[in-house]
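Each remark here refers to the structure printed beneath this line.
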Amino acid sequence: MLRRRFLIFFVPAFLICINIKAQQGGLNQKVQYETIYDDPYDINKLFLMVQPVYGEAYSANTNLGFGLGLDYYLKDLMDFQIGFRTPYSQATDLMRDAATKNSDALNDPKRFYYVELGLNYHVVDRKQSSKSKFVLFSKNFKKYNKWETMVPESIFVPINIRKIWGVRLGGTAYQSTFEVNKVLENQGKELDPDFTADLDQVSFYSNINSQGFYVGGSLELIKNVAIKFENLYDQNANDLMFNVYVDLLINPFISIEEITFIPESGSEIETISGDIIDTSMFGFRAGIQGKFNRGIGFSYGVETGLRPGIQGTGFFLMGVFSVPVFGFRLDKGMSNFEN
């Protein structure tokens, strides 16, 4: 009796599963499409990126804020980048906030900012054959809740992909408040005995201003393809522009503001030179950026490395999200997903 019940339930379920798999395989074989365009060189020339949020874990000064970015592609020769970011307010500029509330120094805490201007020369810029994954989707399947059982998840389509191997060169500048006590402790430094200040009893903050340049390399992968499926499925596109880069950072111009204070036992202003703090002019960074060849879209980026400046406090990890990103063709081309 138990065996009969098992067969009654198991055999129909097994046959249903086979039938579903057969239907999915049939649909996979019947999926047909037409390429609307496939040209990774026919892209927007100018991208304006509004960055409502970025976050940076920086050893000297963690901060959270907003920024602006601009990318411009000069034919197939080179592309230019401009970037600027700064905290929302004092509360999201942690060292400036701490200095405003706790510092015994007379120095005015400075707002963090970071600005960058650079170019990327296309040493190798070529097109090659590849494949791209397209998810099959139709609004009708959402209506009837048949996504999982009636359509294959995706198909791979032959496309062209553009690879740009580039040499990067540019300039950077930043400003930040930092905690003097922590830096001196990490560097094993002590104040001159002639000073009346005792670091165990006072809290000092100062500001750093640094300018320099970078040189590095990058690899950018550009896809710009749209396909139209027959019958059931919606039109789809893959227009990702993905960049990976590594830079050597060199900042020969580093200025640390002298620390001024009035000791408790006196009324005259004393000054501690910023030269007591060791600096480093060399650093590096590695990062990624992704954006899309559309009239209005979004982009993302992650960057990490060692920033030139105060020795021992250079590590940073930064993430940024841009929306909207406005793309401008600056010509009469039509190869993007909105057109």
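Does Asp200 meet the test of being of a type in the set (Asp, Glu) and within 33 Å of the chain's Cα centre (by Cα)? In short, no. Filtering Phe178, Phe204 for residues that are crowded, with 20+ Cβ neighbours inside 10 Å, at pLDDT below 95 and under 26 Å from Leu94 (Cα atoms) leaves a single hit, Phe204.
Any chance segment 321-337 includes a residue that's assigned to a loop (DSSP other than H, G, I, E, B), among the aromatic types (Phe, Trp, Tyr) and either within 21 Å of Lys189 (Cβ to Cβ) or out of contact with any helix residue (DSSP H, G or I) (no Cβ under 8 Å at 6 or more places or on another chain) (or both)? Checked against the condition, which is being assigned to a loop (DSSP other than H, G, I, E, B), among the aromatic types (Phe, Trp, Tyr) and either within 21 Å of Lys189 (Cβ to Cβ) or out of contact with any helix residue (DSSP H, G or I) (no Cβ under 8 Å at 6 or more places or on another chain) (or both), segment 321-337 yields at least one hit. Exactly one residue out of Leu317, Leu306, Leu248, Leu330 is closer than 28 Å to Asn44 by Cα and surrounded by fewer than 18 Cβ atoms within 10 Å (Cβ to Cβ), and it is Leu330. Identification of strands (runs of 3 or more DSSP E) wholly contained in segment 47-143 with 2 or more residues that are closer than 21 Å to Tyr300 by Cβ, aromatic (Phe, Trp, Tyr) and modelled with pLDDT of 95 or more yields 63-74, 78-87.
Residue check: Thr172 meets all listed conditions (1) hydroxyl-bearing (Ser, Thr, Tyr); (2) farther than 30 Å from Gly67 by Cα; (3) crowded, with 21+ Cβ neighbours inside 10 Å but one, namely (2).
Of all residues in segment 245-280, those satisfying the criterion of being modelled with pLDDT under 95 and part of a strand (DSSP E or B) are Ile259, Thr260, Phe261, Glu270, Thr271, Ile272.
The single residue among Thr86, Thr35, Thr92 that is surrounded by fewer than 16 Cβ atoms within 10 Å (Cβ to Cβ), among the β-branched types (Val, Ile, Thr) and either out of contact with any helix residue (DSSP H, G or I) (no Cβ under 7 Å at 6 or more places or on another chain) or without any contact (Cβ under 8 Å) to a residue 12 or more places away in the chain (or both) turns out to be Thr35.
The values are calculated or read from the model by the stated rules, or taken from the named source; none is laboratory data. Because the structure is a prediction, the values reported are computed rather than measured. Every residue, glycine as well, gets a Cβ built from its backbone with ideal geometry; the counts of neighbours run over all protein chains shown.
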